[in-house]
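Report on one structure; see the data block that follows.
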Amino acid sequence: MPVALVLRHAEIAHLGNLEPVLRDHGYEIRYLDVAAESPHDQPDPELVVVLGGDMGAYEKEAHPYLVDELDFLRERLARERPTLGICLGAQLIAEALGETVRKGKTVEIGFRDVTPTEAGLDSPLKHVAGVPMMQWHGDTFGLPSGAVRLASSSAYSNEAFALGDYVLAVQFHPELTADMHERWVLDGAPELASLEIEPEDLRREALTKAPPMQAASVAMFSEWLGAL
């Protein structure tokens, strides 16, 4: 059974609706909490999934394990091994490929349109066209050398990119389930208050926009995994 090694930065940022897709494709799922364990100590997995977190890729003094994680990703990507990044995971992949992650001009929280590029429409990103995706980030990065931009938004040009057929990186949160959304809203209350975002507005938005997002996400993940 192929192994999907899942690099986790926070307990509340897990695989969500990606987990059943991985199982349907025959993967054994192994979570690794990067703050406590090094991915270097694991056997080489068939797939690595790098999840989100509330830290920045540049906050290495506060989170020194990011240095080890980036070294792991650089070595893995140099060998062109399948790797999927979500939000912080996408940012870490971009940095491992030589780009600089930095604070963006705005913080995006809520469901937002993500527009596939021409290349994106010929990729698994076609499934998110016209379907608002959940955003919760304020960082950005340049497009890595050799990568193909797959999607942009009105606020950020690099919402998704691919490198060959072995890397998919998305800045948004297609994995988010209803339970995860509620947990994030509760845990993120201080940040939401500082940005003058009403939690009830996010909850109402999720009632109608979360189900089609999850369906699009499952289709996107399934197509990408099926092509590996």
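The values are calculated or read from the model by the stated rules, or taken from the named source; none is laboratory data. Keep in mind that what you see is a predicted model, and the values were worked out from it rather than measured. No Cβ is skipped: glycine too gets one built from the backbone with ideal geometry, and neighbour counts run over all protein chains shown.
The requirement of being out of contact with any helix residue (DSSP H, G or I) (no Cβ under 7 Å at 6 or more places or on another chain) and either within 18 Å of residue 161 (Cα to Cα) or crowded, with 20+ Cβ neighbours inside 10 Å (or both) is fulfilled somewhere in the range 52-68, by at least one residue. Just one of the numbered conditions (1) crowded, with 24+ Cβ neighbours inside 10 Å; (2) assigned to a strand (DSSP E or B); (3) not charged (D, E, K, R) is not true of residue 106: (1). Among the residues of the range 148-206, those identified as farther than 18 Å from residue 129 by Cβ and of a type in the set (Asp, Glu) are 165, 175, 179, 182, 187, 191, 196, 198, 200, 201, 205. Counting the residues of the range 165-180 that are buried (at least 22 other Cβ atoms within 10 Å of the Cβ) and not charged (D, E, K, R) gives 9.
Are any residues in the range 43-64 closer than 24 Å to residue 27 by Cβ and over 16 Å from the mean Cα position of the chain (by Cα), and if so, which ones?
Of the range 43-64, the ones closer than 24 Å to residue 27 by Cβ are 43-53.
Once the filter is applied, which keeps residues that are closer than 24 Å to residue 27 by Cβ and over 16 Å from the mean Cα position of the chain (by Cα), the range 43-64 yields 43, 44, 45, 46.
For the range 119-154, a residue qualifies if it is surrounded by fewer than 17 Cβ atoms within 10 Å (Cβ to Cβ) and of a type in the set (Gly, Ala, Ser), and the qualifying residues are 119, 129, 130, 142, 145, 146, 154. Of all residues in the range 14-46, those satisfying the criterion of being surrounded by 16 or more Cβ atoms within 10 Å (Cβ to Cβ), closer than 21 Å to residue 66 by Cβ and in contact with a helix residue (DSSP H, G or I) (Cβ under 8 Å, 6 or more places away or on another chain) are 14, 15, 32, 34, 39.
Selection of the range 12-55 for residues being in contact (Cβ under 8 Å) with a residue 12 or more places away in the chain, under 20 Å from residue 184 (Cα atoms) and of a type in the set (Asp, Glu) yields 33, 54.
If only one of 147, 160, 193 is free of Cβ contacts under 8 Å to residues at least 12 places away in the same chain and either in contact with a Phe, Trp or Tyr (Cβ under 6 Å, 6 or more places away or on another chain) or under 23 Å from residue 12 (Cβ atoms) (or both), which one is it?
On the way: 147 fails: free of Cβ contacts under 8 Å to residues at least 12 places away in the same chain; 160 fails: free of Cβ contacts under 8 Å to residues at least 12 places away in the same chain.
That would be 193, the only listed residue that is free of Cβ contacts under 8 Å to residues at least 12 places away in the same chain and either in contact with a Phe, Trp or Tyr (Cβ under 6 Å, 6 or more places away or on another chain) or under 23 Å from residue 12 (Cβ atoms) (or both).
So, residue 95, is that one under 17 Å from residue 168 (Cβ atoms), modelled with pLDDT of 95 or more and not in a helix (DSSP H, G or I) or not? Please lay out each step first, then the result.
Details: under 17 Å from residue 168 (Cβ atoms): yes; modelled with pLDDT of 95 or more: yes; not in a helix (DSSP H, G or I): no.
No: the conditions fail for residue 95.
In the range 78-101, the condition of being in contact with a Ser or Thr (Cβ under 7 Å, 6 or more places away or on another chain), under 30 Å from residue 212 (Cα atoms) and not small (Gly, Ala, Ser) is met by at least one residue.
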